[in-house]
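Notes to accompany the following structure.
The values are calculated or read from the model by the stated rules, or taken from the named source; none is laboratory data. Note that the structure is predicted; figures quoted are calculated from it, not measured. When we count neighbours, we look across all protein chains shown, and the Cβ atoms used for this are built from the backbone with ideal geometry, even at glycine.
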Amino acid sequence: MHGCPHVLCRCGYLRLGDMNTVYLNGEFLPEQEAKVSVFDRGFLFGDSVYEVIPFYQGVGFRMQEHIDRLNHSLRAVRIKNEQNWDAILQTLVDKNGGGNLSVYLQVTRGSAGKRSHVYDDSLQPTVFACCSQIKDIWQEGADEVLPLKAIVTEDLRWHRCDIKSTCLLPNILVLQQAKDEGVQEALFSRDEKLTEGSACNLFLVKRGVLYTPKRSSDILGGITRELILELADKHGVQFQEIDIDYERLLAADEVWVSSSTRGIVPVIEVDGQLIGDGQKGIVWRKMFELFTDFQHKLMTGQ
Ligand code: PDD
């Protein structure tokens, strides 16, 4: 840790001082004291699943949906682990000072004290959770949101992208490729259809109508994606879940990506070609406002 008494270190990192309590297997510990076996299957095989849950003003956002998705991932990879997630995560957030935090939760299959591909059902899963700060995008407003440029790359992931697995090597590599090419996001394409972004869902707008790929095992069922569709429905924005090919993507008036940590972010350029007029779109602005208003009301208990 930085060991400095300031809220912000000169290096730009938040001082973790009171922000570094993590949860590991039933205990709340300072980060430095949390240790996991080198034989943990999460470490050796990526044999684990995770969730990322935003807390606004100390309150979990769409907690039940996140827990349902975690249970879906756990069941799909046959890790048995039932916990009082609400209580664990709320205590962790409180111990880290509440406010606007993103909680990372990971459940691995555990450690058998050796490396072996086969596993025994009696293994005790490893449960780890930690927090990091998130920005309050409601206060910032649409004008402050930095639009993204993206590349499209082949989706080389497995066929169970609905499971929130920690095997993220393809996601990491495409994002790095994007960075090497001077842009900030990578969109996956599989069988000539766009699936999602490196860690986000994909939307486009054409003539005022919102389009997003259908839910399938090719994409993660994003909690933010669901909320966007609910808000669109409620506020009269027409939408359709459809296949999106490359031509349709480039011909869109607007492209956005969404995730719990970033909210809804406009993409103004794909593979060097401008989307629409290359500005943040009018439908994005409307949805951004609806989305951040919705969050803000929850945060402030209105
Ligand atoms: N990722 N698709 C992928 C591949 C993702 O990794 C994510 C989120 C999403 C959006 O899901 P949600 O709206 O529920 O955050 C879609 C998280 C934030 C992460 O990996 O850190």
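Data overview
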| item | result |
| --- | --- |
| Residue check for VAL77: more than 22 Å from THR21 (Cα to Cα), over 18 Å from the mean Cα position of the chain (by Cα) and at pLDDT 95 or above | yes |
| Qualifying positions in region 157-192 - of a type in the set (D, E, K, R) and more than 15 Å from the ligand (Cβ to nearest atom) | LYS179, ASP180, GLU181, ASP191, GLU192 |
| Answer from GLN273, GLN302, GLN295 - the residue that is more than 18 Å from ASN201 (Cα to Cα) and within 15 Å of the ligand (Cβ to nearest atom) | GLN295 |
| Single unsatisfied condition, PRO54 versus (1) in contact (Cβ under 8 Å) with a residue 12 or more places away in the chain; (2) away from the ligand (no atom under 13 Å from the Cβ) | (2) |
| The lone exception for LEU101 - which of (1) free of Cβ contacts under 8 Å to residues at least 60 places away in the same chain; (2) out of contact with any Ser or Thr (no Cβ under 8 Å at 6 or more places or on another chain); (3) of a type outside the set (Val, Ile, Thr) it fails | (2) |
| Search result, residues across region 124-157 that are buried (at least 17 other Cβ atoms within 10 Å of the Cβ) and in a loop (DSSP other than H, G, I, E, B) | PRO125, ILE134, VAL145, PRO147, ASP155, ARG157 |
| Residue within region 152-172 that is among the polar types (S, T, N, Q) and in contact (Cβ under 8 Å) with a residue 40 or more places away in the chain present | yes |
| Selection within region 262-300 - without any contact (Cβ under 8 Å) to a residue 24 or more places away in the chain and over 22 Å from VAL209 (Cβ atoms) | GLY272, LYS297 |
| Meets criteria (surrounded by 19 or more Cβ atoms within 10 Å (Cβ to Cβ), closer than 23 Å to VAL283 by Cβ and touching a Phe, Trp or Tyr at 6+ places or on another chain (Cβ under 6 Å)) for THR212 | yes |
